[in-house]
Amino acid sequence: MPVPSFQELFGVPPTTSAEAPGRVNLIGEHTDYNGGFVLPAAIPQRTRVEAAARADTTVRLWSAQFPDEAPHSFRLGSEERTGGWIDYVKGLTRILGSHTSLRGFDARVESGVPVGSGLSSSAALEIAAGRAIRTLFGLALDDVELARVGQRAENEFVGAPVGIMDQMACSLADTTTALFLDTRTLAYDRVPLPPEAALVVIDSGTSHDHAAGDYRVRRSECMEAARLLGVNELRDVADVQEVLRLPSPLNRRARHVVTENARVLATVEALRSGDCRRVGRLFSESHASMRDDFEISIRAIDDLVELACRVQGVYGARLTGGGFGGSIVALAHASAARDAADEIARTYTQQTANRGRRLVPQ
Ligand code: GLA
């Protein structure tokens, strides 16, 4: 059944349409809230928000993901958390409305970014909706400021203590370069993927939930490790040997962050010199560190990574995103990427109780 258009939903045509992509993180996991480095890229799947301003202070939102639901509505200034997808937009209007004067608007959301796959469907929604609101009301916000507003929406309104990586990636990354970001200063650089390499993203069919405890626990373990080591953030640990004096498991948590930061720098160097094999090795080391030290992997993801690394044309693979399920990212030879992705997804589906899905190449 065809989904309703904006005009059919709201009786007027949209006056603006804005988009943002999902993201895949190549390397640098759980480093962003430790002041460290990350290296995400955009995925081809995008979220689109069509919108039109209203004369009053009502906001009405509809998503093609839930085609049978009527538009949700709320009043600006009385945003309340309900636990659903509209909270991300409510968070934006709450934060933007506290220092600019907004009016109400109608918005229709359509998204190809899978939910629960560790590919930042929520940040894609925040950035696409933020862009639409920016255009509707002529807000003077650049893409970095918009990313910060998105992160604040999650931290302060949704209640998820996430770092800045996802919003920066959805706001600034593209699909042909990796965004090398220093999360402390927000300085960034675009690192092209070598022409002979392509990214592969496979969904493991097991989902994660950030708002739930595990992400929060890891974050507070990192804060505690930094406090015990006498540094502001784990980014500032000068020598990885220092972490050995921490009690378990903080020693392993901190070792992941310190070594992962170094791996991001090494990956950037390897990409710049076109050394795909080295990138592959760094992916594998990163996965081992997430599995053994940071303990954010699960059996299904470990199986998927192992299987991917055995497929012809694959340089290396690792869990991507917050962890506890979601997707893996692999670097493959460009000419082999699609076939490799299909083979990985097929074998995984046959050998496990889960359904693997090729998401990239699309
Ligand atoms: C989630 C968070 C990010 C980051 C990653 C892990 O995607 O939103 O801020 O911490 O997990 O690297």
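The values are calculated or read from the model by the stated rules, or taken from the named source; none is laboratory data. The shown structure was predicted, so the numbers you read here are calculated from the model rather than taken from an experiment. Glycine also receives a Cβ, built like all others from the backbone with ideal geometry; neighbour counts cover every protein chain displayed. Note: areas computed on protein heavy atoms with side chains; ligands, DNA, RNA excluded. Shrake-Rupley method; radii C 1.70, N 1.55, O 1.52, S 1.80 Å.
Here are some notes:
- Straightening the chain between Ala353 and Ala262 buys 29.2 nm, computed as 0.36 nm per residue apart minus the Cα-Cα spacing.
- Relative to the Cα centre, the charge distribution of the stretch 1-81, modelled as +1 at Lys and Arg Cβ and -1 at Asp and Glu Cβ, gives a dipole magnitude of about 140 debye.
- Shape class for the stretch 214-362: oblate, because the ratio a/c of the largest to smallest gyration tensor axis (alpha-carbon atoms, square roots of eigenvalues) is 1.5 or more and b/c is at least a/b.
- Percent accessible area from carbon and sulfur atoms, the stretch 178-314, protein chains only, probe 1.4 Å: 47
- The simple Förster model, with R0 at 35 Å and r as the Cβ-Cβ distance, assigns Gln7 and Ala334 a FRET efficiency of 0.25.
- If you take all other residues with their beta carbon under 14 Å from the beta carbon of Phe6, and give Lys and Arg +1 and Asp and Glu -1, the sum is 0.
- Mean accessible surface per residue for the stretch 1-124, computed with a 1.4 Å probe while every protein chain stays in place, in Å²: 39
- Ordering Leu282, Ala332, Leu307 by the projection of their Cα atoms onto the charge dipole of the stretch 281-341, which places +1 on the Cβ of Lys and Arg and -1 on the Cβ of Asp and Glu, puts Ala332 at the extreme positive end.
- Each part gets one Cα centre, and for the stretch 325-343 versus the stretch 86-146 those centres are 31 Å apart.
- Backbone N atoms of the stretch 90-133 closer than 15 Å to the 7 Å Cα→Cβ label point of Glu69 belong to residues 90-91, 107-111, 115-116, 122, 125-126.
- Taking only the alpha carbons of the stretch 1-156, we obtain Rg and Dmax values of 15.4, 47 Å in that order.
- Centre-to-centre separation between the Cα atoms of the stretch 253-292 and those of the stretch 1-25: 38 Å.
- The heavy atoms of Met290 present about 0 square angstrom of accessible area, all protein chains included, probe 1.4 Å.
- Amide hydrogen neighbours beyond the local backbone of Gly325, cut-off 5 Å, H modeled: Ile298
- Estimated from the Cβ-Cβ distance and a Förster radius of 35 angstrom, the FRET efficiency linking Leu244 and Thr135 is about 0.10.
- The stretch 215-232 and the stretch 171-199: distance between their alpha carbon centers, rounded to Å: 27
- For Gly104, the residues whose modelled amide H falls within less than 5 Å of its own, excluding neighbours fewer than 5 places apart on the same chain, are Arg54, Asp56, Thr57, Thr58.
- Relative intensity of the chain on a log10 scale, I(q)/I(0) at q = 0.08, 0.10, 0.12 Å⁻¹, equals -0.39, -0.61, -0.87, per a Debye sum over C-alpha point scatterers of equal strength in the absence of solvent.
- Overall, the stretch 28-118 carries a charge dipole of about 280 debye about its Cα centre when +1 sits on the Cβ of Lys and Arg and -1 on the Cβ of Asp and Glu, all other atoms neutral.
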